[in-house]
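Please treat every number below as a calculation from the coordinates, not as lab data. Nothing here was measured: the structure is a model prediction, and the numbers come from that model. So basically every Cβ, Gly included, is an ideal-geometry build from the backbone, and we count neighbours across all protein chains shown.
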Ligand code: SF4
Ligand code: SF4
């Protein structure tokens, strides 16, 4: 393949994926409010556009026109860097997600993935753990004790839950024998979804992903009753918007990872049949739609949980992470090993 | 039965501080229960009243904005006795009395009338005591569903006679319909 077509092809995919991530994050803020309202027997935003569909735009406009406030901080650069890191780490994770198998355009195959790293899971974990720097740096540069408290909480929470998350993934890796998300997806074809083989790993991973994205019941970093606004107390205008936006982008990404690793990614029953009878393109359009349906389900699930369960206490959070989830994950690895030896 | 155990309402509950069972401790099942409850609410009827388009149903004894009445000949009934102001628990009413001139007989029913009559709508609690106190049946709380619009200045919420006195056309219509029967 010559370089120009390669660049055009990948460039298009990157731009499209970027746009979709932004769009999903934008409309997650709308969906969050709608879901919250519906779960509480209310109507939710319904004035801006039909059913409040223009609400995210109105919010963005408002955030842009707000005054940019700088606290009396010794380090303005870090203060600006914080939300930047939060946002960019949230966005670059999507590079390794396989959105579909491939399209057949102009007589050549276009793989629907920005890059098929063979260590994509490690890549994701690496980027995720950088994400906490966004919060740490921003909060520290805010020169505010509440922000600092929140940053300490956020980082210790993320570090503890990353351990359990990684251990949960190991049992999957033992089964698949590959770190590439594409490979993992392909192995789950025809309803051989990992969730059926590794339900325990799924539950652990799910719980940890709540902690990693800073969502209720683990949103102790921005616990209003104790810490005002948490790490974004001192932020205003679009810098604040970036933090909030990053949270939703993170939610989208972790919903994607959950669907790819456990729910079979873009696979759907009868995909092979569709490919033979309707052609590669149509089969893959359905595949993308299926993947997005799964993602939307998980995003809804995040919101559903948020409006159901109250926030944990900090010691409960640490107990759950270190004393329950990590031993469970280790147990799961051992069980997986035993089962693999016995039945293979 | 010991006194502590008697429950007149029948709804008394003894607080229990029992240990959580294993299933409750795992927490997952209880979360699922909670999710089920919230999911049911997702499909419930929404209770929101979309205000400007929809207006809440008012009770039959609803008390809305005040009106200073006119009699059958269109004259203002109020005689500025001040009983309404005296009875008002919120100190919302003020007025200034004036003597009626001979040529004003068609405007005011009594010899003394209120040249200024103000109700501070920010203070008023719509209790209706002014209406009860009035010996001349001059002030009533109407069923008007108009809700005072939000505004920036407090002065705009002090309603004077221009907003309180019954409009003339209304008085004319009332008299017409009364004489018709
Ligand atoms: S309704 Fe009650 S509070 Fe309002 S002016 Fe009359 S007496 Fe005062
Ligand atoms: S409204 Fe009635 S009670 Fe009040 S001053 Fe006039 S006549 Fe007296």
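Among the numbered criteria (1) in contact with a strand residue (DSSP E or B) (Cβ under 9 Å, 6 or more places away or on another chain); (2) within 14 Å of chain B (Cβ to nearest Cβ), which single criterion is violated by residue A:297?
(1)
Quickly run through segment B:93-145 and pick out the residues that are within 13 Å of ligand 2 (Cβ to nearest atom) and assigned to a loop (DSSP other than H, G, I, E, B). Full working, then the answer.
Filtering segment B:93-145 for residues within 13 Å of ligand 2 (Cβ to nearest atom) gives B:93-98, B:108-119, B:128-141.
Across segment B:93-145, the qualifying residues are B:109, B:110, B:111, B:128, B:134, B:135, B:136, B:137, B:138.
Failed condition for residue A:115, given (1) in a helix (DSSP H, G or I); (2) in contact (Cβ under 8 Å) with a residue 40 or more places away in the chain, with all others met?
(1)
Among the residues that make up segment B:74-92, is at least one of them more than 16 Å from ligand 1 (Cβ to nearest atom), under 30 Å from residue B:51 (Cβ atoms) and out of contact with any strand residue (DSSP E or B) (no Cβ under 9 Å at 6 or more places or on another chain)?
No, segment B:74-92 contains no residue that is more than 16 Å from ligand 1 (Cβ to nearest atom), under 30 Å from residue B:51 (Cβ atoms) and out of contact with any strand residue (DSSP E or B) (no Cβ under 9 Å at 6 or more places or on another chain).
Does segment B:93-104 contain at least one residue that is under 14 Å from residue B:131 (Cα atoms) and away from chain A (no Cβ under 14 Å)? Give the steps one after another, and end with the answer.
Taking segment B:93-104 as the starting set, the residues that turn out to be under 14 Å from residue B:131 (Cα atoms) are B:93.
Filter once more, so that each one left must be away from chain A (no Cβ under 14 Å): B:93.
So far as segment B:93-104 goes, yes, one or more of its residues are under 14 Å from residue B:131 (Cα atoms) and away from chain A (no Cβ under 14 Å).
Which of the residues belonging to segment A:313-343 are facing another protein chain (nearest Cβ under 10 Å) and in contact with a helix residue (DSSP H, G or I) (Cβ under 8 Å, 6 or more places away or on another chain)?
Hit for segment A:313-343 is A:320, nothing else.
Here is a list of conditions, (1) in a helix (DSSP H, G or I); (2) away from chain B (no Cβ under 14 Å); (3) in contact (Cβ under 8 Å) with a residue 24 or more places away in the chain, and residue A:269 meets all of them except one; can you say which number that is?
(1)
Filter segment B:86-115 down to the residues that are closer than 17 Å to residue B:140 by Cβ and in contact (Cβ under 8 Å) with a residue 40 or more places away in the chain, then identify the one that is surrounded by the most Cβ atoms within 10 Å (Cβ to Cβ).
Filtering first and then ranking leaves B:114.
From B:136, B:143, grab the single residue that is away from ligand 1 (no atom under 11 Å from the Cβ), surrounded by 14 or more Cβ atoms within 10 Å (Cβ to Cβ) and away from chain A (no Cβ under 14 Å).
Going through B:136, B:143 in turn, just one is away from ligand 1 (no atom under 11 Å from the Cβ), surrounded by 14 or more Cβ atoms within 10 Å (Cβ to Cβ) and away from chain A (no Cβ under 14 Å): B:136.
Across segment B:21-52, what is the number of residues that are facing another protein chain (nearest Cβ under 10 Å), surrounded by fewer than 12 Cβ atoms within 10 Å (Cβ to Cβ) and touching a helix residue (DSSP H, G or I) at 6+ places or on another chain (Cβ under 8 Å)?
1
I'd like to check something: does segment A:267-279 contain any residue that is touching a strand residue (DSSP E or B) at 6+ places or on another chain (Cβ under 8 Å) and surrounded by fewer than 18 Cβ atoms within 10 Å (Cβ to Cβ)?
As a first pass, look at segment A:267-279 and keep what is touching a strand residue (DSSP E or B) at 6+ places or on another chain (Cβ under 8 Å): A:279.
Applying the additional criterion that residues be surrounded by fewer than 18 Cβ atoms within 10 Å (Cβ to Cβ) yields A:279.
Yes; the residues of segment A:267-279 include at least one that is touching a strand residue (DSSP E or B) at 6+ places or on another chain (Cβ under 8 Å) and surrounded by fewer than 18 Cβ atoms within 10 Å (Cβ to Cβ).
Filter segment A:16-49 down to the residues that are away from every other protein chain (no Cβ under 14 Å) and free of Cβ contacts under 8 Å to residues at least 12 places away in the same chain and list them by number.
The answer is A:16, A:19, A:20, A:23, A:48, A:49.
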